[in-house]
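Worksheet: one structure, shown below.
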Amino acid sequence: MATMLETTAALRVERDFEASRERVFRAWIDPAAARVWFAPPGAVWTEPLVLQARPGGRFRFRVSVVGKVYTIHGTYREIRLPDRIVFTWEWEDDPDRGDSGKSLVTLQLREQGRKTELSLTQTGFPSESSRQAHRARWEDCLATVARLVE
């Protein structure tokens, strides 16, 4: 289970994986894996996934869930195999909250024996409701990543 440690400005999610750090890292930069962990159950991809996992590269996810279209894009600021990924996260008119805006996500992976500890920090939310929604969704995403790598 993920643990949430929050402050007013940032969201932090931590999770341990029964997998190597390299395997967990690759799940975040491999397009085939991202198509699985990003989209919630029942989602339909409405355009091809763009995932250019390199500093300055971009990503773009666009899915439809029960008739609502969700589009997220961003730019990778740092990719340091096997322990760190930093990227911007920007909604294009979130259909649930009407939020747009850019936040910053930092993933840090630490080896803990045979396990990997992942720490995800996201800052720059447009609203408290957006931060709370992201907390729930990241927990879902990390559970799916666990099923992929463990």
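Mind listing whichever residues of the range 26-59 are of a type in the set (Gly, Ala, Ser) and either under 13 Å from the mean Cα position of the chain (by Cα) or within 17 Å of Trp89 (Cβ to Cβ) (or both)?
Those that are of a type in the set (Gly, Ala, Ser) and either under 13 Å from the mean Cα position of the chain (by Cα) or within 17 Å of Trp89 (Cβ to Cβ) (or both): Ala27, Ala33, Ala34, Ala39, Ala53, Gly56, Gly57.
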(request) Could you please give the count of residues in the range 25-54 that are surrounded by 13 or more Cβ atoms within 10 Å (Cβ to Cβ) and either part of a loop (DSSP other than H, G, I, E, B) or of a type in the set (D, E, K, R) (or both)? (result) 9
(message) I need the full set of residues from the range 74-97 which are more than 23 Å from Glu111 (Cα to Cα) and at pLDDT 95 or above, in order please.
(response) Gly74, Thr75, Thr88
(request) Scan the range 123-150 and report the pairs whose first residue is over 20 Å from Ala34 (Cα atoms) and whose second residue is surrounded by 15 or more Cβ atoms within 10 Å (Cβ to Cβ) and of a type in the set (Asp, Glu), with Cβ atoms within less than 7 Å and a gap of 6+ or a chain change. (result) Pro126/Asp99; Ser127/Asp99; Ser130/Asp99
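The values are calculated or read from the model by the stated rules, or taken from the named source; none is laboratory data. Owing to the predicted nature of the structure, the values given are computational and were not obtained by experimental measurement. Here Cβ is always computed from backbone atoms with ideal geometry, including for glycine, and neighbour counts include all displayed protein chains.
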